[in-house]
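Asks: One structure, pasted below without further comment.
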Amino acid sequence: MEQVYDYVSLAAACGEKPSFSTLVTERFYNDLMAEIDEYNKRQKTDIRPVSIRKVIVTNHDIDEQNLYFDALVNCVLNDSGIEKPITMIVDAYCDLNEEFKAVHTRCAGPMWKGFRSIAVLPDDLIPIISKKDIDAIAFRMSNALNPRVSTCGALLRPCQAVKGLGLTVEDVHFDSDGEILAKIFFEDARTMVIDPQTGIRHIIPVSAGTILVNTPVGKVPDERIRNNTIMHECIHWMLHRPAFLLAKLWNHEYSAIACRRASSNSQSRQWTAIDRMEWQANALAPRILMPNWATQLFASGWLRRYSWLSPILRMEKTIDQLSRQFNVSRQLAKIRMEELGYEDAKAAFSYYDKRKHTISFENAVKEFARNKSFQEALASGVYAYVDNCFVVRDSKYICRDDTGALHLTPYAKAHLAECSLAFASRRVNRGMQYGMLRYNVEDEEFIAGSSFDPVLYAKQTQTVMSIMAKLPTSFAETLCAHMKRKGITVEQLAERSWLSVRNISRYRNTPYMSISLPTVICLCVGLKLHPILAGDLIRKAGYYLTNSPEQGAYQMLILTMTNNSIPECNEYLAKAGVQPLGSPE
């Protein structure tokens with residue numbers, strides 16, 4: 001079989017999903033068959049290979065950087081002229097330092113009765129780790145790098161992990177914005193850094209196994225954050241290098257796409273392979289730096305020492321001490337205490353939470369698509385999107401300027417926590433062509449229950465429902481009813497909705513005509529309909545909005561921006577990459 005070494009050929013011929021079985025079949029078929037030929041010569045048998053039935057990864061040796069596997073080959077045994085089916089096992093391994101360019105066969109033999117080979121890695125080479133196994137795996141990884149972890153109860157430090165894995169850490173300045181914390185390179189590469197003396201960017205070579213920590217000139221890095229970052233990258237090297245190198249063979253431009261830390265608000269989002277890798281690194285690093293037994297031991301001691309304080313203050317003092325004890329950030333120590341079941345840890349330092357009340361329209365659309373709680377909050381119709389805030393629809397908080405544009409009132413700006421929804425900042429991780437990098441940028445995530453006024457919701461709902469009860473059942477009649485209720489003429493609606501007078505007249509007088517979704521939204525904006533009433537009009541036009549990028553942006557408009565003008569709405573749609581509404585006539 002022809003061996004394939006071209007990057008594009010594997011993806012084009014074998015599908016887009018990286019597969020170790022496919023790689024072995026396409027690239028190393030001849031090598032495996034040669035081992036069976038050697039077996040024939042030694043044993044003086046006549047075994048003819050037919051096809052590779054299965055490839056099972058049996059071991060990932062982190063120290064030697066080898067990936068061992070068994071290839072089960074369907075063969076035919078010619079025994080005195082009688083052909084019998086037989087399965088041969090070829091024991092082989094790949095040296096990861098060779099980046100899957102070669103295979104090393106060790107032996108071959110017939111599969112015996114009762115043979116069972118347990119796969120330690122799935123076909124995409126990304127480890128499968130369940131939540132219940134995280135602590136045990138963290139302990140095994142710590143012990144593999146430092147045997148004193150199990151024999152003497154020692155703690156594994158990042159410097160020990162780096163040394164044990166043969167990695168190198170370099171402090172260089174490569175991101176002037178401070179958004180990137182570190183990079184780890186799985187392959188030899190070249191990367192851009194900033195000269196500390198001149199500030200000029202230049203390219204330097206970087207060897208595989210190098211962790212670059214972004215260290216701006218004149219700034220002392222926070223060692224506690226640095227420790228977690230280095231351990232995070234060490235875990236990627238230990239667990240995910242095979243998967244990364246495999247994926248590179250399918251796409252030489254491969255990079256680890258942005259991965260959001262999993263949360264209760266995004267359970268419905270489909271996880272990608274990169275999400276799994278980031279979740280594993282994010283979950284294991286804190287447990288290696290702060291093992292269960294050690295955290296509980298020191299925490300109990302400090303909690304007793306501060307027993308005379310209030311529960312919350314006692315917990316805050318204890319978390320600060322743990323942060324110093326393990327040389328980790330306060331936030332990481334707080335998270336570990338929450339994971340270990342300390343209830344007071346949830347309320348500790350709550351005023352330090354990175355909460356914000358502003359969010360860009362494009363990020364709000366993304367959050368809306370994945371967050372059911374956010375969808376429910378906006379579906380209430382209580383909030384309008386004004387000045388990048390989701391603020392309560394009330395004249396106390398929203399006003400119009402001389403041009404008619406909506407803005408927050410001075411009172412609202414000074415009391416955002418009172419009148420607008422809140423979002424938590426979450427750190428996200430991204431990747432690059434030759435490895436992975438750890439970003440310091442933050443992603444906004446809606447905080448369920450923030451600033452929701454049930455009294456206002458009940459008042460608005462009661463008014464809207466009384467209007468809904470009097471509306472006709474057809475689209476045309478409902479449109480006429482809204483125009484009559486608001487005292488709007490066809491000409492006025494045409495000006496506000498950027499639709500023609502002729503078309504609006506047709507929509508009013510044709511009972512069952514076809515109308516596009518953007519046109520219905522133009523009418524909702526032109527009529528300044530309440531979100532619940534806008535949703536009703538859209539359904540009567542025969543549409544049910546989904547959470548796709550385009551329709552998600554439309555949902556945001558009808559739920560929070562129907563009081564805006566069409567040009568204002570189009571400005572936000574452009575930011576989300578959605579076609580504008582209507583056309584001025």
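Asks: Work out the FRET efficiency for SER176 and ASP387 from their Cβ-Cβ distance, taking R0 = 41 Å, and round it to the nearest 0.05. Please list the in-between numbers first.
Replies: Values: r = 29 Å, r/R0 = 0.71.
Calculated value: 0.90.
Asks: Here's a follow-up. Tell me the label-point distance for the pair CYS159, LYS84, using the 7 Å Cα-to-Cβ offset, in nm and rounded to one decimal.
Replies: 6.3
Asks: Across the stretch 466-473, in residue order, what do the Karplus-derived ³J(HN,Hα) couplings come to in whole Hz, using 6.51 cos²θ - 1.76 cosθ + 1.60 with θ = phi - 60° and x for Gly and Pro?
Replies: Here the 3J(HN,Hα) series is 5, 6, 4, 5, 9, 7, x, 8 Hz.
Asks: Let me ask you something else. List every residue whose amide H lies under 5 Å from the amide H of ARG53, counting only residues 5 or more places away in sequence or on a different chain, with H placed 1.01 Å from N in the peptide plane.
Replies: When sequence neighbours closer than 5 places are left aside, the close amide H contacts are LEU72, VAL73, ASN74.
Asks: Give me the one-decimal nm value for the distance between modelled label points at CYS480 and ARG324, 7 Å along each residue's Cα-to-Cβ direction.
Replies: Here the answer is 7.8 nm between the modelled labels.
Asks: Follow-up. Could you list TRP237, TRP498, TRP293 in order of exposure, starting from the residue whose Cβ has the fewest other Cβ atoms within 10 Å? Intermediate values should be presented prior to the final figure.
Replies: Numbers: TRP237 25, TRP498 21, TRP293 10.
By the 10 Å Cβ count, ascending: TRP293, TRP498, TRP237.
Asks: Calculate one ³J(HN,Hα) per residue across the stretch 576-582 by plugging θ = phi - 60° into the Karplus curve 6.51 cos²θ - 1.76 cosθ + 1.60, and present them in order as whole Hz with x for glycine and proline.
Replies: Listing the rounded values in order: 8, x, 10, 4, x, 8, x Hz.
Asks: Can you tell me how much longer the chain between GLU99 and ILE200 gets when fully stretched, taken as 0.36 nm per residue apart minus their C-alpha distance, in nm with one decimal? Working shown, then result.
Replies: On the way: separation 101, 0.36 × 101 = 36.36 nm, distance 3.33 nm.
Value of the extension gain: 33.0 nm.
Asks: I would also like to ask the following. Would you mind checking the pairs LYS44/LYS113; LYS396/LYS575; LYS54/LYS132; LYS248/LYS356 and listing those with alpha carbons more than 31 angstrom apart?
Replies: Values: LYS44/LYS113 22 Å; LYS396/LYS575 28 Å; LYS54/LYS132 29 Å; LYS248/LYS356 38 Å.
Pairs exceeding 31 Å: LYS248/LYS356.
Asks: Run the simple label-point estimate for TRP293 and TRP112 please: 7 Å along Cα→C-beta, distance reported in nm.
Replies: A separation of 3.8 nm, rounded to one decimal place.
Asks: List the residues of the stretch 477-520 whose backbone N lies under 15 Å from a point placed 7 Å from the Cα of THR463 along the Cα-to-Cβ direction.
Replies: Within reach of a label on THR463, which here means backbone N under 15 Å from a point 7 Å along Cα→Cβ, the stretch 477-520 contributes 486.
Asks: May I ask you to evaluate 6.51 cos²θ - 1.76 cosθ + 1.60, the Karplus curve with θ = phi - 60°, for each residue of the stretch 525-539 and list the ³J(HN,Hα) values in order in whole Hz, giving x for glycine and proline?
Replies: For the stretch 525-539, the Karplus curve yields 5, x, 7, 6, 6, 4, x, 5, 6, 5, x, 5, 5, 5, 5 Hz.
Asks: Tell me which aspartates and glutamates have Cα within less than 18 Å of LYS346's Cα, excluding those fewer than 8 residues away on the same chain?
Replies: Here the aspartates and glutamates satisfying the reach criterion relative to LYS346 are GLU316, ASP320, GLU338, GLU445.
Read the figures in this text as sums done on the coordinates, not as results from a lab. Keep in mind it's a predicted model, so treat the numbers as computed, not measured. Note that each Cβ is placed from the backbone with ideal geometry, even for glycine, and that neighbours are counted across all protein chains shown.
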